[in-house]
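Since the structure comes first, as structure tokens, the remarks are kept for the end.
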């Protein structure tokens, strides 16, 4: 079975998630934006072997510590989609702008595209390309867990910002309605910030996409 634990990191309280297989104890970390020692302490306390880094998108609070973690533990970086290359290239400047620790660009071991999959132990998660917040944003979905790790596409009661460079509000709404809703009303999603919710709850009550 797959399990996960979510750890808020960085001054932006970004939801970094550790996902692992309970049989093999193999783990992946989703969006290590910062506070690496906090993340690694959690991995150690859980008795896991961290083997992969999965990135939803390359904003500084989600990807700031990626290069350092990959270098320190020799881990592959999986994701995001190539559309976020310019965000990766700008990580050092973004860190300085927002007062984050120094961050370095990285080269993903593997770019992700809509319909791809990622594997952990004997388990497979689906990848959906969900542009709008950033052009290269991806989401990781586990039908087995009925969980989706959606980064900054959707929040409890809100949606991702689209006023950053190359943001696209119409694309974001399409990503939510065409890529997330088909995962089912009962699916719980882990957003990039704030509490979990379900797609059904957001379809009913979210003021930005309710009724879609």
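Below are the figures for this structure:
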{"item": "Which listed residue, of 67, 27, 95, 103, is in contact with a helix residue (DSSP H, G or I) (Cβ under 9 Å, 6 or more places away or on another chain), at pLDDT 95 or above, in a loop (DSSP other than H, G, I, E, B) and more than 27 Å from residue 175 (Cα to Cα)", "result": "103"}
{"item": "Residue among 34, 47 that is part of a loop (DSSP other than H, G, I, E, B) and either surrounded by fewer than 20 Cβ atoms within 10 Å (Cβ to Cβ) or within 12 Å of the chain's Cα centre (by Cα) (or both)", "result": "47"}
{"item": "Strands (runs of 3 or more DSSP E) completely within the stretch 118-212 that count 3 or more residues being closer than 27 Å to residue 11 by Cα and within 14 Å of the chain's Cα centre (by Cα)", "result": "138-142, 147-151, 188-191"}
{"item": "Residue 19 vs. criteria surrounded by 14 or more Cβ atoms within 10 Å (Cβ to Cβ), assigned to a strand (DSSP E or B), in contact with a helix residue (DSSP H, G or I) (Cβ under 7 Å, 6 or more places away or on another chain) and touching a residue at least 40 places away in the same chain (Cβ under 8 Å)", "result": "no"}
{"item": "Residue in the stretch 78-85 that is without any contact (Cβ under 8 Å) to a residue 40 or more places away in the chain, farther than 18 Å from residue 191 by Cβ and surrounded by fewer than 22 Cβ atoms within 10 Å (Cβ to Cβ) present", "result": "no"}
{"item": "Hits in the stretch 86-132 - residues which are surrounded by fewer than 17 Cβ atoms within 10 Å (Cβ to Cβ), over 22 Å from residue 191 (Cα atoms) and in contact with a strand residue (DSSP E or B) (Cβ under 7 Å, 6 or more places away or on another chain)", "result": "109, 110, 122"}
{"item": "Residue tally, condition surrounded by fewer than 17 Cβ atoms within 10 Å (Cβ to Cβ), in contact (Cβ under 8 Å) with a residue 12 or more places away in the chain and in contact with a helix residue (DSSP H, G or I) (Cβ under 9 Å, 6 or more places away or on another chain), over the stretch 201-212", "result": "2"}
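The values are calculated or read from the model by the stated rules, or taken from the named source; none is laboratory data. Keep in mind the model is a prediction, meaning the values are calculated, not measured. Cβ coordinates were reconstructed from backbone atoms using ideal geometry, including for glycine residues, and neighbour counts include every protein chain displayed.
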